[in-house]
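The values are calculated or read from the model by the stated rules, or taken from the named source; none is laboratory data. Remember, predicted model here, so these are calculated numbers, not experimental data. Cβ atoms come from the backbone with ideal geometry, glycine included; neighbour counts cover every protein chain shown.
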Amino acid sequence: MTRVLIIGAGGHGQVVADILARAHEAGEKPYPIGFLDDSPRVRGSYLLGVPVLGGIDELHDFAHDAVILGIGRNDIRRRLFLYLCREGEVFATARHPAAVVAPDVTIGAGTVIVAGAIINPGAKIGCNVILNTGCSVDHHNVIGDHAHIAPGVRLGGDVHIGDGALIGISATVMPQRRVGRESIVGAGALVTKDLADGVTAAGVPARIIANTYIEPVERVALSA
């Protein structure tokens with residue numbers, strides 16, 4: 001058994017715990033032994049039968065083999081991932097047994113694949129990515145580190161999603177399109193043209209509605 005600490009005990013953290021538990025039941029080694037969360041409201045409680053052991057600064061107080069982030073916000077998840085990298089932590093991945101993943105797909109360390117997600121041949125998934133409930137990642141997609149593909153998203157073939165990008169609920173990205181790093185695609189949007197770094201786009205077809213400053217993103221080179 002691989003003992004995994006989940007960083008963050010909120011809604012997404014509980015989804016991660018459930019994925020790890022279901023995968024363990026199906027024969028996978030990772031198993032959730034506890035949450036770490038700085039909120040005093042949850043400390044000492046049990047969520048889905050998994051204890052909230054303490055705060056993030058108590059990471060080294062609990063014996064474990066790996067960590068995984070249960071935090072939805074890309075910017076916070078990225079900062080904590082890089083901090084934990086510097087601390088020398090090993091990252092687990094969480095893949096729900098009800099996800100469909102082609103055998104040649106590459107998946108980076110710390111990535112979470114939720115129930116109903118479909119990842120087709122040739123796709124490359126970065127580190128610390130969320131592929132959320134029922135999303136579809138078609139053939140030869142490239143998903144950058146720390147990105148979040150929300151529930152119900154449809155990505156056509158040969159799509160590139162940049163580091164830290166958020167593709168909102170039920171959005172669609174047409175084949176061979178590019179979404180830049182740290183960009184946001186609104187819920188239900190239809191991306192028919194490439195989107196630059198650091199923009200927010202919404203609508204059908206998607207149009208840019210905001211530009212956002214992008215802080216430099218430290219690259220990572222990890223694999224599951």
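In segment 144-156 there is at least one residue matching the filter, namely being more than 27 Å from residue 4 (Cα to Cα) and small (Gly, Ala, Ser). Here is the figure for segment 68-87: residues that are surrounded by fewer than 22 Cβ atoms within 10 Å (Cβ to Cβ) and within 14 Å of residue 5 (Cα to Cα) total 2. Only one of the numbered conditions (1) over 15 Å from residue 125 (Cβ atoms); (2) touching a Ser or Thr at 6+ places or on another chain (Cβ under 7 Å); (3) modelled with pLDDT of 95 or more is not met by residue 189, and that is (2).
Name the pairs: first residue in segment 117-130 and in the same structural domain as residue 144 (by TED's automatic domain parsing), second residue buried (at least 24 other Cβ atoms within 10 Å of the Cβ) and of a type in the set (Phe, Trp, Tyr), Cβ to Cβ under 9 Å, at least 6 apart or on different chains? Close Cβ pairs (under 9 Å, with a partner that is buried (at least 24 other Cβ atoms within 10 Å of the Cβ) and of a type in the set (Phe, Trp, Tyr)) amount to 127/81; 128/81.
So which residues in segment 147-169 are over 21 Å from residue 121 (Cα atoms) and assigned to a loop (DSSP other than H, G, I, E, B), if there are any at all? Even if it seems obvious, please write down each step before you answer.
In the first step, residues of segment 147-169 are kept if they are over 21 Å from residue 121 (Cα atoms); the result is 164-166, 168-169.
Across segment 147-169, the qualifying residues are 164, 165, 168, 169.
Starting from segment 193-206, keep only residues that are within 14 Å of residue 180 (Cα to Cα), then list their pairs with residues that are of a type in the set (S, T, N, Q) and assigned to a strand (DSSP E or B) whose Cβ atoms are within a distance under 8 Å, requiring at least 6 positions of separation or different chains. Close Cβ pairs (under 8 Å, with a partner that is of a type in the set (S, T, N, Q) and assigned to a strand (DSSP E or B)) amount to 198/211; 199/211; 200/211.
Kindly establish whether residue 95 is of a type in the set (Lys, Arg), in contact (Cβ under 8 Å) with a residue 60 or more places away in the chain and closer than 19 Å to residue 20 by Cα. It would help to see each step written out before you state the result.
Numbers: of a type in the set (Lys, Arg): yes; in contact (Cβ under 8 Å) with a residue 60 or more places away in the chain: yes; closer than 19 Å to residue 20 by Cα: yes.
Considered against the rule, which asks whether it is of a type in the set (Lys, Arg), in contact (Cβ under 8 Å) with a residue 60 or more places away in the chain and closer than 19 Å to residue 20 by Cα, residue 95 comes out as yes.
Let's see how each residue does on (1) of a type in the set (Ser, Thr, Tyr); (2) buried (at least 17 other Cβ atoms within 10 Å of the Cβ); (3) under 15 Å from residue 78 (Cβ atoms); (4) assigned by TED's automatic domain parsing to the domain that holds residue 18:
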site	(1), (2), (3), (4)
144	no, yes, yes, no
156	no, yes, no, no
162	no, yes, yes, no
171	no, yes, no, no
179	no, yes, no, no
183	yes, yes, yes, no
201	no, yes, no, no
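Looking only at segment 118-130, filter to residues that are in contact with a Ser or Thr (Cβ under 7 Å, 6 or more places away or on another chain) and within 25 Å of residue 85 (Cβ to Cβ); which one of those is surrounded by the fewest Cβ atoms within 10 Å (Cβ to Cβ)? Looking at residues that are in contact with a Ser or Thr (Cβ under 7 Å, 6 or more places away or on another chain) and within 25 Å of residue 85 (Cβ to Cβ), I get 124.
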